[in-house]
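Report on the structure given below.
The values are calculated or read from the model by the stated rules, or taken from the named source; none is laboratory data. Model, not experiment: these values are computed from the prediction. Methodologically, a virtual Cβ is constructed for each residue, glycine included, from the backbone with ideal geometry; neighbour enumeration extends over all protein chains shown. All accessible areas refer to the heavy atoms of the entire protein, side chains included, with ligands and DNA or RNA removed. Shrake-Rupley method; radii C 1.70, N 1.55, O 1.52, S 1.80 Å.
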Amino acid sequence: SGINAEYEAVVSTQSTGAMWDLEAGVRVRRFKGHQSFVNSCDVSDSPTMICSGSDDGTVRLWDSRRRHCVKTLNSKYQVTAVCFNEKADSILSGGIDNHIKMWDLKHSEISLEMKGHCDTITCLALSPDGNFVLSNSMDNTVRMWDVRPFAPANRCLKAFVGAQHNFEKNLIRCCWSPQGTKIVAGSSDRMVYVWDTSSRKLLYKLPGHSGSVNDVDCHPKQPILMTASSDKSIYMGELK
C-alpha cells in the first residue's frame with residue numbers, strides 16, 4: 001500500500017487497486033487496468049498520483065481525479081516493487097530481473113538502471129529527504145542507493161544484512177525512520193531488524209511474531225513501529 005496525508009492506496013491479487021479517504025474511511029476510487037496480480041503501489045502528495053507495479057510486467061500511473069490509467073510503462077519482467085521519487089516526476093521500479101529502474105514520466109523511458117542485487121527485489125522505499133532509495137531483496141540484503149541526479153556511477157552506498165527470505169517468497173517490505181537515521185525490515189525468520197543508517201550496525205532484532213514479518217512502517221512523528229505478519233497479527237511498539 002501507499003499513503004499520503006489524505007489518502008491510502010491499496011492493491012490486490014484481483015488485478016485492481018483502490019484509493020481510500022482516510023478521514024471518511026470510505027473507498028473513493030477503484031483502479032482497473034492491470035492484467036495480473038498487482039504487487040506494489042505508492043502515492044504522491046500533490047496532486048495525488050498513484051503508481052503501481054504488477055506481474056503483467058507493467059508500471060502504471062493513475063490520477064486520483066480520473067478513472068482510467070494515464071500512463072503505462074512496459075517492463076520485460078514482472079514488477080514487484082515501485083515508489084515515486086521526491087518530485088514525483090519519475091517512478092522507481094524493481095522486479096524479478098533484480099535491477100532497479102528509474103522511469104522518466106515525461107519521456108516514458110528508463111533514465112537510470114541500478115544493478116547489484118542477485119535476486120528478486122521485494123520493496124523500494126524513498127528516504128525522507130528524497131536523496132536515497134532503500135531496496136529489499138530475496139538475496140537477503142537491504143541496500144541503500146543514491147538517486148540524486150549527478151551521483152557517482154556506483155550508486156549502491158551500503159548493504160544491510162541479517163533479514164531473511166525463505167521458500168515462501170513473500171514480498172517483504174522495508175522502511176526508513178522519520179528522520180532517516182534508522183532502517184527497518186521484516187524477515188521470514190519472524191524477526192524485525194532495525195539498523196543504524198550511518199554505521200550499518202544492527203540495533204535491534206525484535207521477536208514476537210510467529211510467522212514471517214512481511215510489512216513494517218514507522219509513525220511519521222512518534223517513535224512507534226508497526227509490523228504485519230503471516231501469523232495474521234499486527235503489532236505496534238516503541239522504537240527508541
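Calculate the tail of P(r) for the range 160-240: the fraction of all Cα-Cα distances greater than 21 Å, expressed in %. Of the Cα pairs, 20 percent sit more than 21 Å apart. Remark on the range 81-196: Rg and Dmax equal 13.5, 42 Å (Cα only). Here the range 62-131 has an Rg and Dmax of 12.4, 39 Å, counting Cα atoms alone. For the range 108-240, the fraction of 1.4 Å probe accessible surface lying on carbon and sulfur atoms is 53 percent.
Here the relative contact order of the range 70-177, from alpha carbon pairs under 8 Å that lie six or more residues apart, stands at 19 percent. Using a cut-off of 23 Å between Cα atoms, the listed pairs K76/K169; K201/K240; K101/K169; K32/K221 include K32/K221 as exceeding that distance. Based on Cα contacts under 8 Å between residues 6+ apart, the chain shows a relative contact order of 9 percent. The residues of the range 103-180 present an accessible area of 47 Å² per residue when probed at 1.4 Å with all protein chains retained.
Per-residue counts of other Cβ atoms within 10 Å, averaged by peptide: what ranking do you get for 51-62, 146-157, 125-136, highest first? The partial results should precede the final answer.
Working: 51-62: 23.5, 146-157: 12.1, 125-136: 20.2.
Ranking the peptides 51-62, 146-157, 125-136 by packing returns 51-62, 125-136, 146-157.
The equivalent ellipsoid that matches the C-alpha gyration tensor of the chain spans semi-axes of 25, 21, 17 angstrom, in descending order.
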